[in-house]
Amino acid sequence: MVKELLSVHHLTFAYSGDCVLQGVDFTLHRGTFLGIVGPNGSGKTTLLHLLARLLPLQEGIICFEGKEIWRYSHTEWAKKVAIVFQEIPTRVSLPCQEVIAMGRFPYLRRFAREGEEDERAVQWAMEMTETWQFAERDFGELSGGEKQRVMIARALAQKPTLLLLDEPTSHLDVLHQLEVMQILRALQREGITIIGIFHDPNVVAQWCQYALFLKGGRVLRFGTTEEVMRKEYLAELLEVEFIEHTHPLSLRPFFTPLELRKRPSRGITVHLICGGGRGIPFVRKFLEAGFSLSVGIVNRFDSDEELAIQLRLPVVSEKPFSPFSEESLHHALHLARKAQWVFIVPTYWGRGNLLNLELARLLLLEGKRVFLLREGFDPRFDYTGGEARKKLAELAHHGAQVLERVEELWEK
Ligand code: ADP
């Protein structure tokens, strides 16, 4: 048996001269689950339709079990590959069992009645999708999620080797999405190879083994989900920055899009002195206001550090519970010197991070503009017996500007 179930070479396709797929290459092994992700209009549906032989091949080769797909007869092909479309038919008014049994069409001889094998296949399809409960019900009366399961059952009744699905979960709520994904995983365990288009990268990260990123008709990335599902690659694909977490049960990554509104850049970099998670709202405000940022010195694993890393901001961090080293200090000085402004976040001061205020003082003396907030003088922030507040006051005395609100920096 050929190990590769499907291989696609240099697939190129155009609709009346407009090229929508260009040089698409990938191979897929039997029994795997591939998720296709890409922005709207990147050619995902076109690719799926080419794989399903719903569109004619123009350039390139698609092989299935080692044979070019168009060399299969229609009936042979319909026994190998089934497709579930994005749009669920809404006007069908038939008992679900009949809808599902339609999947047997490639196996029926003309005018022949369904036989035992057909019945067994329909039964199996209904069991896999838990749709036997709707067998007698009218398809048109089912909810969206139930209809989708019936459509998958119909495709399964074809007993396909390869199941193609175009956004099978896009119209479903979270519970029904999970139901569909669990069905697909069970099918994969039965040995069916699955290719699905999913607009939610998290679905691919959680459920698929392979991912294909399509952008502008080209394969941007193809590989195992471990290789491909990374926030920097997703940012490249979807032009959205993501924060990456680890799912506590599956231990797979999942991604939260950052809802930062992009503003025109002001061409000003601000070095943030923060820590203890106090920097987070300021990071957001500065970025939304169009500033670039650098951060430090913060302690490693501090949530300010984590956010800076997630946002890929330049950050200097020091080992937890350790005094700031000379190396960190030099690094922070280097970053801050590249910035136009320094902003001291109202944060907690202890012996460990007091050196950040020395840093600010040095920068101030070098002519850097340094800003702090009046609330930063609150004694509740000071765990140094007043030394931190004294240093803040000295900074103000030497020309650091004390603001009531950070927004004053961009409302001027
Ligand atoms: P996706 O599934 O990634 O949204 P599609 O494959 O549906 O992308 O579409 C890719 C491009 O091809 C889009 O620009 C779309 O407008 C165009 N397109 C899709 N179907 C047709 C068609 N039947 N005729 C002409 N252009 C089409």
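The values are calculated or read from the model by the stated rules, or taken from the named source; none is laboratory data. Model, not experiment: these values are computed from the prediction. Please note: Cβ atoms are built from the backbone with ideal geometry, for glycine as well, and neighbour counts cover all protein chains shown. Please note that ligands, DNA and RNA were not included when accessible areas were found on the heavy atoms of the full protein model with its side chains. Shrake-Rupley method; radii C 1.70, N 1.55, O 1.52, S 1.80 Å.
Annotations
- Flag if PRO39 is in a loop (DSSP other than H, G, I, E, B), within 13 Å of the ligand (Cβ to nearest atom), within 21 Å of TYR210 (Cβ to Cβ) and not aromatic (Phe, Trp, Tyr): yes
- Exactly one residue out of THR32, THR27 is more than 7 Å from the ligand (Cβ to nearest atom), over 22 Å from the mean Cα position of the chain (by Cα) and β-branched (Val, Ile, Thr), and it is THR27.
- Qualifying residue in region 115-130 (condition: of a type in the set (Val, Ile, Thr) and open to solvent by 30 Å² or more (accessible area, probe 1.4 Å)): no
- Of the residues making up region 226-239, those that are over 9 Å from the mean Cα position of the chain (by Cα) and closer than 22 Å to GLU288 by Cβ are GLU232, GLU239.
- Residues within region 333-361 that are of a type in the set (Phe, Trp, Tyr), within 23 Å of GLU407 (Cβ to Cβ) and open to solvent by less than 20 Å² (accessible area, probe 1.4 Å), tallied: 1
- Inter-residue pairs, beta-carbon under 6 Å, first free of Cβ contacts under 8 Å to residues at least 12 places away in the same chain and in region 118-138, second open to solvent by less than 10 Å² (accessible area, probe 1.4 Å), 6+ apart: TRP132/MET126
- Restricting LEU54, LEU50 to residues that are within 16 Å of the ligand (Cβ to nearest atom), in a helix (DSSP H, G or I) and under 32 Å from the mean Cα position of the chain (by Cα) narrows the list to LEU50.
- Scan of region 214-235 for residues that are within 16 Å of the ligand (Cβ to nearest atom) and either on the phi > 0 side of the Ramachandran plot or of a type in the set (D, E, K, R) (or both), ordered by number: LYS215, GLY216, GLY217, ARG218, ARG221
- Residue identified as in a helix (DSSP H, G or I), open to solvent by 10 Å² or more (accessible area, probe 1.4 Å), in contact with a Gly (Cβ under 8 Å, 6 or more places away or on another chain) and more than 18 Å from GLY275 (Cβ to Cβ) among LEU364, LEU409: LEU364
- Where ASP200 falls short, out of the listed (1) open to solvent by 10 Å² or more (accessible area, probe 1.4 Å); (2) touching a residue at least 40 places away in the same chain (Cβ under 8 Å); (3) within 15 Å of the ligand (Cβ to nearest atom); (4) charged (D, E, K, R): (2)
- Across region 71-109, the qualifying residues are those that are small (Gly, Ala, Ser) and part of a helix (DSSP H, G or I), and the one among them that is nearest to ARG120 (Cα to Cα) is ALA101.
- Those residues of region 374-406 which are open to solvent by less than 20 Å² (accessible area, probe 1.4 Å), closer than 14 Å to TYR348 by Cβ and not in a helix (DSSP H, G or I), in sequence order: THR384
- Applying a threshold of 6 Å to beta carbon distances and a minimum spacing of six or more residues, or different chains, the list of pairs starting in region 214-227 at a residue that is charged (D, E, K, R) and open to solvent by 60 Å² or more (accessible area, probe 1.4 Å) and ending at one that is within 13 Å of the ligand (Cβ to nearest atom) and part of a strand (DSSP E or B) reads ARG218/GLN22; ARG221/PHE213.
- Against the test of being under 37 Å from the mean Cα position of the chain (by Cα), under 30 Å from THR27 (Cα atoms) and not charged (D, E, K, R), the options GLN86, GLN97 yield a single qualifying residue, GLN86.
- Checking PHE64 against (1) within 16 Å of the ligand (Cβ to nearest atom); (2) modelled with pLDDT of 95 or more, the condition it does not meet: (1)
- The requirement of being in contact (Cβ under 8 Å) with a residue 40 or more places away in the chain, within 15 Å of ILE36 (Cα to Cα) and open to solvent by less than 40 Å² (accessible area, probe 1.4 Å) is satisfied by ILE195.
- Residues being part of a helix (DSSP H, G or I) and either in contact (Cβ under 8 Å) with a residue 12 or more places away in the chain or crowded, with 23+ Cβ neighbours inside 10 Å (or both) - total across region 143-184: 22
- Number of the exception - GLU87 against (1) within 15 Å of the ligand (Cβ to nearest atom); (2) touching a residue at least 12 places away in the same chain (Cβ under 8 Å); (3) exposed (fewer than 13 other Cβ atoms within 10 Å of the Cβ): (2)
- Here region 39-75 is the region considered, the condition is being of a type in the set (Lys, Arg) and out of contact with any Phe, Trp or Tyr (no Cβ under 7 Å at 6 or more places or on another chain), and the residue that is nearest to THR12 (Cα to Cα) is LYS44.
- Evaluated against (1) crowded, with 17+ Cβ neighbours inside 10 Å; (2) within 13 Å of the ligand (Cβ to nearest atom); (3) of a type outside the set (Phe, Trp, Tyr), GLY17 falls short on exactly one condition, (1).
- Answer residue from region 251-309, given it is part of a loop (DSSP other than H, G, I, E, B) and of a type in the set (Phe, Trp, Tyr) and is least open to solvent (accessible area, probe 1.4 Å) among those: PHE291
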